[in-house]
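Please read the structure below before turning to the comments.
Bear in mind that the values in this text are calculations on the coordinates, not laboratory data. This structure is a prediction, so every number in the text was calculated from the model and none was measured. A quick note on method: Cβ atoms are made from the backbone with ideal geometry, for glycine too, and the neighbour counts reach across all protein chains shown.
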């Protein structure tokens with residue numbers, strides 16, 4: 001089964017980031033670009049799910065340690081790992097929403113203005129839903145008026 005998915009990937013040539021950036025603006029969010037971002041988002045989704053599985057396994061394997069200092073260290077490491085997974089859980093939701101936006105034909109377009117978000121911004125943050133300008137305006141409003 002793994003060979004089938006590898007064969008499917010080799011048949012569908014995905015561009016590199018450099019090739020993506022070199023595409024003309026008229027090609028914005030064409031099939032090739034959407035396939036590139038779908039692949040990137042699916043990889044990110046799988047990485048987050050694998051990390052969650054590893055955390056679960058790590059927490060199950062924890063042994064009782066009689067020394068209070070060692071136990072405190074282990075508990076602090078677990079707390080840090082759980083906070084990290086909580087952030088990843090929130091990111092996973094955004095990743096899945098981005099995949100849904102690709103399916104709906106809305107991916108790559110600003111939710112606020114309808115303008116293109118831009119390839120460079122999507123490469124940096126594939127879950128972006130706002131153009132850089134709209135995001136800056138939102139952050140400025142939050143700074144001025146609070147959440």
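Taking each residue as 0.36 nm, the span from residue 84 to residue 143 lengthens on full extension beyond its C-alpha to C-alpha distance by 18.7 nm. Estimated at 0.36 nm per residue, the fully extended path between residue 58 and residue 30 surpasses their Cα-Cα distance by 5.9 nm. Distance from the Cα centroid of region 29-74 to that of region 118-136 is 24 Å (rounded to whole angstrom). Determine the shape class of the chain: with a ≥ b ≥ c the square roots of the Cα gyration tensor eigenvalues, call it rounded for a/c under 1.5, and otherwise prolate if a/b is greater than b/c, oblate otherwise. In terms of gyration-tensor shape, oblate. Based on DSSP H segments of at least four residues, each scored -39500 (n - 2.57), the chain has a per-residue ellipticity at 222 nm of -23500 deg cm²/dmol.
Roughly what angle does helix 132-145 make with the longest principal axis of the chain, taking Cα atoms, 0 to 90 degrees, to the nearest 10? Tilt of helix 132-145: around 50 degrees. If R0 equals 22 Å, the separation of the Cβ atoms of residue 91 and residue 123 corresponds to a calculated FRET efficiency of about 0.85.
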